[in-house]
Amino acid sequence: MKIMKLFRNISLIAFVLFAFSCEKHEIIYNADPISDVAEFQLHYVVPVSAVASNNIYKVEINDQLYANNTAPLNTYNAIPSGSVGRFYTTRIGENNIKLYMGLNENQRLIYDQNCVLRQGKQNIFVYDFNKPPIVFDNGHPYQTNITEYSDSTAWIKFYNFLYEKQGEPTSLKLQYQYQYTMNYETRKKSDWLNIGQPVGFGETTGWQPVIVIKSVELSSGYARLDYRIKVIDANGEDVGNLQILSGNKYVDYSDYWNAYIGRRYHHILAGLRTASPTSSVRQFTAL
């Protein structure tokens, strides 16, 4: 009985101390509110060779340093780099963007253009060193699917920044399509499905849902999706697959990526269709 009483007393004291501790030590998360600012990610899709000398080693927004050689803006890539879902902040309204190539005494200003940013999240695309960037609404806050069991949806946003050759943006309207595996035992695949509507140069489909059937049942959920691109004429007719230069010959564009349930991916077609640096789709994870 004495042991039980002692145990109850110790438990009571521990409870009182715990309650006192919670009351006196409020947990505060230090964070700055981000209302009344513009948030952005900066994409570099100018058709240049993917070599280190073409990376951007200094980024200035309104003459303030945003990135340097410790975390450069690589070709066909974006900043902020690192964790998914990161954005820079700046003022709402007109902003100046300066990009520098080279290191140390070889560094030179290669881009100096303005663009207008709004409150909220957006994606800025630098596609020509001599032209202002194109700014797209990021589409945030994102739609989600809430289900009792695992969902089967991811989202793709396709962008057309294809050039025919240097200095000549494509005039082709492009329809991005995908195909998914319906049954992993039979390997039966779906028909080819459209991702949004056909888009011209400097346009995007916006966020479009795609079906992801888990390839591994007991997992967070991912699957391989296959992609192709169709060319659409002025009458809205399909005139065949997009042909791109590969080596010394033209081939139908095709590619595949793994997609995870609930994730969002930017798919960005950039490069030259008929010359080097050749074209391809790069994936940038948004969520």
Original post:
Is it the case that Ala275 is small (Gly, Ala, Ser), touching a Phe, Trp or Tyr at 6+ places or on another chain (Cβ under 7 Å) and at pLDDT 95 or above?
Top reply: no
**OP:** Could you please let me know if Phe125 is part of a strand (DSSP E or B), aromatic (Phe, Trp, Tyr) and either modelled with pLDDT of 95 or more or touching a Leu at 6+ places or on another chain (Cβ under 8 Å) (or both)?
**Re:** yes
Original post:
Which residues, counting only those in segment 168-183, are among the polar types (S, T, N, Q), in a strand (DSSP E or B) and either in contact (Cβ under 8 Å) with a residue 40 or more places away in the chain or open to solvent by 80 Å² or more (accessible area, probe 1.4 Å) (or both)?
Top reply: Gln175, Gln177, Gln179, Thr181
Original post:
Among the strands (runs of 3 or more DSSP E) contained in segment 1-84, which hold 1 or more residues that are modelled with pLDDT of 95 or more and farther than 27 Å from Gly120 by Cβ?
Top reply: 56-61
Subject >> Test result for Ile56, more than 12 Å from the chain's Cα centre (by Cα), within 18 Å of Arg282 (Cβ to Cβ) and crowded, with 17+ Cβ neighbours inside 10 Å >> reply: yes
Original post:
Within segment 151-185, restricting attention to residues that are within 22 Å of the chain's Cα centre (by Cα) and of a type in the set (Gly, Ala, Ser), which residue is modelled with the lowest pLDDT?
Top reply: Ser152
Original post:
When you go through (1) of a type outside the set (A, V, I, L, M); (2) part of a loop (DSSP other than H, G, I, E, B); (3) in contact with a Lys or Arg (Cβ under 9 Å, 6 or more places away or on another chain); (4) within 27 Å of Thr205 (Cβ to Cβ) one by one for Gln113, which number turns out not to apply?
Top reply: (2)
**OP:** Hand me the list of strands (runs of 3 or more DSSP E) wholly inside segment 184-287 holding 3 or more residues that are open to solvent by 20 Å² or more (accessible area, probe 1.4 Å), out of contact with any Cys (no Cβ under 7 Å at 6 or more places or on another chain) and of a type in the set (Lys, Arg).
**Re:** 222-232
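The values are calculated or read from the model by the stated rules, or taken from the named source; none is laboratory data. What you see is a predicted model, and the numbers here were worked out from it, not measured in a lab. In this analysis, Cβ positions are derived from the backbone assuming ideal geometry, glycine residues included, and neighbour counts consider all displayed protein chains. Ligands, DNA and RNA are stripped out before the accessible areas are found, and what is left, the full protein with its side chains, is counted by its heavy atoms. Shrake-Rupley method; radii C 1.70, N 1.55, O 1.52, S 1.80 Å.
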